[in-house]
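S.K.: Quick one: structure below, then a few questions.
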Amino acid sequence: MTMSTGRLCSTLALAATLDAAAPVQAGSGGDGVVRMTSAYPMAETITRVRRDLAAK
């Protein structure tokens, strides 16, 4: 069976979107702590975490 070009492109676009939206697994040592690289410097990350915790 053959697929039309439009349907094939739609299927590929959907697959690419779902793949891009899939959560990325960060490294875990099996101890329940998820480790990942921050987009911010260490001091700013600590400030952000403290501010978020204080807001709760």
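The values are calculated or read from the model by the stated rules, or taken from the named source; none is laboratory data. This structure is a prediction, so every number in the text was calculated from the model and none was measured. All Cβ positions, glycine included, derive from the backbone under ideal geometry; neighbour counts span all protein chains shown.
S.K.: Any residue at all in the range 33-45 that is modelled with pLDDT of 85 or more, surrounded by 10 or more Cβ atoms within 10 Å (Cβ to Cβ), in a helix (DSSP H, G or I) and more than 16 Å from the chain's Cα centre (by Cα)?
M.R.: Yes, that holds for at least one residue.
S.K.: May I ask you to verify whether ALA15 is of a type in the set (Gly, Ala, Ser), surrounded by fewer than 10 Cβ atoms within 10 Å (Cβ to Cβ) and at pLDDT below 85?
M.R.: Details: of a type in the set (Gly, Ala, Ser): yes; surrounded by fewer than 10 Cβ atoms within 10 Å (Cβ to Cβ): no; at pLDDT below 85: yes.
Spelling it out, it is not the case that ALA15 is of a type in the set (Gly, Ala, Ser), surrounded by fewer than 10 Cβ atoms within 10 Å (Cβ to Cβ) and at pLDDT below 85.
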